[in-house]
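These notes are about the structure you will find just below.
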Amino acid sequence: MPSTPIFQPALPRQVTIREMGLRDGLQSVATIVPTAAKIEWIRDAYAAGEREIEVGSFVPPRLLPQLADTGEVLAFAQTLPGLRASVLVPNLKGAQRALEASAELMLVPLSASHAHSLANLRKTPDEVVADIVRMREERDASGARTLIEVGISTAFGCTIQGRVEPAEVVRLVRAVLDAGVDSVSLADTVGYADPAMVSRLFEQVLRVAGDRLTCGHFHDTRGLALANVYAALQLGMTRFDACTAGIGGCPHAPGASGNVCTEDLAYMLASMGIETGLDFDRLLALRAKVAGWLQGEATHGSVWRSGLPRTMKIQETSHA
């Protein structure tokens, strides 16, 4: 008797990986990477096919000396045709600097955890929403074309507060969309999510945000980042954050690994027949450089150890 086929939802044909290592990765390590090396990183990432890179954050240098050269790094990134160079801005002053620098996109963090928001920004989530309103007003008044993306951090849980209610995530998404931001993303900042949680929360937020929910940000703290990406893929998400060598983490989750590893995510997608436009050899060469610049710092990932399977190489050759 023939078995009943299992329903398999259609997956996207193409996915964008936004490289976050230069900001989310470097802000969490003690080593200060020289500006020249950061520029080399961007140049090599671009050569590997990356077309969206978060290059830094406009924060006071005394707080994050690793990112003190963001303006210079952004200026270089803006010389590369077709590269969307984004920056993180935690407040209105940071947004003003991003606007002055003509950044194409600024990412504003908004924690769904009240406790994390106070620890990270010293403001409640609703106070941050009020700041975002002022950022959008300043952007519009300046006539700038800079896009505003709000990243809802700790959307799946918080090391300080514990559980974060999905209803609170949805409420904050509604608030920032009503404030006029261009897009929102959901972040598993401390690696609490599992695929079922991802499916449930993304479904709820998609009902509110539609195509303005544009990105998933998953940390690999407990080894579930790739599984969580797959859960979001099943709902049609086509843009994901990742870090070269899986660097980074969260200051409120000591010992945790960083974002899903760029090389591993690119491999999984390619193995599934999903286009990313990325060159594996160049990605792995860049990973080796980054690991050299960060000697003594923790790096993560699997593909760099084992390489691509022979079956994938044969398949690629046959299609040449």
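Please treat every number below as a calculation from the coordinates, not as lab data. It should be emphasised that the depicted structure is a prediction, and the values quoted were computed from it without experimental measurement. Glycine gets a Cβ as well: all are built from the backbone with ideal geometry, and neighbour counts include every protein chain shown.
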So for R0 = 22 Å, FRET eff. of residue 312-residue 43 from the Cβ-Cβ r, to 0.05, ends up at 0.25
If the chain between residue 62 and residue 36 were fully extended at 0.36 nm per residue, the gain over the current Cα-Cα distance would be 7.3 nm
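Could you sort 96-108, 169-181, 70-82 so that the peptide with the highest average Cβ count within 10 Å comes first and the rest follow in order? Let's see the in-between values first.
On the way: 96-108: 20.7, 169-181: 18.8, 70-82: 16.7.
Ranked from most to least packed, the peptides come out as 96-108, 169-181, 70-82.
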So residue 134 and residue 167, fully extended at 0.36 nm per residue minus their Cα-Cα distance, gain in nm 9.4 nm
Phi angles of region 150-157, converted by Karplus (6.51 cos²θ - 1.76 cosθ + 1.60, θ = phi - 60°) into ³J(HN,Hα) in whole Hz with x for Gly and Pro, give 9, x, 7, 7, 6, 5, 10, x
Expected sort for 21-28, 141-148, 200-207 on mean C-beta neighbours within 10 Å, highest first, is 21-28, 200-207, 141-148
Here the convex hull volume per residue of region 137-255, taken over Cα atoms and given in Å³, is 123
Between residue 189 and residues 5 or more places away or on another chain, the pairs with built amide H atoms under 5 Å apart involve 154, 155, 156
The FRET efficiency for residue 208 and residue 122, from their Cβ-Cβ distance with R0 = 30 Å and rounded to 0.05, is 0.60
Of the residues 107, 218, 31, the Cα lying farthest along the dipole of region 16-318 towards its positive end, which is defined by charges on the beta carbon of Lys, Arg, Asp and Glu, belongs to 31
Computed on Cα atoms, Rg of the chain relative to 2.2 N^0.38 Å comes out at 0.97
Full extension between residue 76 and residue 281 adds, at 0.36 nm per residue less the Cα distance, a length in nm of 71.4 nm
Whole-Å distance linking the alpha carbon centroid of region 220-248 with that of region 124-178 is 21
Under the 7 Å Cα-to-Cβ spin-label approximation, residue 141 and residue 11 lie apart by a distance in nanometres of 4.7
Sorted by chain and number, the residues with a modelled amide H under 5 Å from that of residue 52, at a separation of 5 or more or across chains, are 19, 84
Whole-Hz Karplus couplings 3J(HN,Hα) for region 178-195, θ = phi - 60° and coefficients 6.51, -1.76, 1.60, Gly and Pro as x, run 5, 6, x, 6, 7, 7, 9, 9, 10, 10, 8, 4, 10, x, 9, 6, 10, x
